[in-house]
1. For segment 125-179, with every protein chain kept in place, what is the accessible area per residue (1.4 Å probe, Å²)?
2. Below 8 Å between Cα atoms, with a sequence gap of 6+, how large is the relative contact order for segment 34-179 in percent?
3. At a probe size of 1.4 Å, how large is the accessible area of Glu42, to the nearest 10 Å²?
4. With a 10 Å radius around each residue's Cβ, average the other Cβ atoms per peptide and rank 158-167, 127-136, highest first.
5. Report, to the nearest whole %, how much of the accessible area of segment 51-110 belongs to carbon and sulfur atoms, 1.4 Å probe, protein only.
Amino acid sequence: TTSSEEDWGFDDVQHGSKSGDDEDGRPQLGAAHVTLREHLLEQMRLNLREPRDRALVELMIDALDSNGYLTETLDEIHASLPLELCVEPEELAFALNMLQSFDPPGVGARMPLACLALQIRRLPRIAFVTRRLALQIVETQLTLFAQRDFTKLKKILDCDDEDLRDAQTVIRMCKPRPG
């Protein structure tokens, strides 16, 4: 006995509808919009096992604004917690450090300067000299950098045009609002 194309379903493959399917015929799911909070909580679940650590990191996540900045100081967050939880300030600092290690880089910073510094520290494959100069600019000379006063910057930072250009490239790779 011989089989026809219809028996094997070749006709369906050749003439089947492609709407909603990708090139190999699998249905495509619509890309779900994931919020910053959901993205951070997923990373927390993957990186932390202890329920108390998870609760403290979630507390830090909930303290973020829509840009990904921490809107309160650790002291303010600590003061708002019930005393019976016996949360130590060091535990909050640990939770914040964990949060700041998550993606997107810069999340959990208190202000744009710290956000940029967090990102610069995490950028891969940056020469030490360039990273150090970029950090020095964002931590101490961001106003001059924003004003594009490169002559004064070179003098203050004791660097040449090429070093400053490399640091500028690194700084421009950063996102001031990670959220």
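The values are calculated or read from the model by the stated rules, or taken from the named source; none is laboratory data. Everything quoted here is computed from the prediction, not taken from an experiment. Here the Cβ positions follow ideal geometry from the backbone for every residue, glycine too, while neighbour counts run over all protein chains shown. Heavy atoms of the whole protein, side chains included, go into the accessibility calculation; ligands, DNA and RNA do not. Shrake-Rupley method; radii C 1.70, N 1.55, O 1.52, S 1.80 Å.
1. 68
2. 24
3. Estimated to the nearest 10 Å², Glu42 gives 90 Å².
4. 127-136, 158-167
5. Accessible surface attributable to carbon and sulfur in segment 51-110 totals 56 percent.
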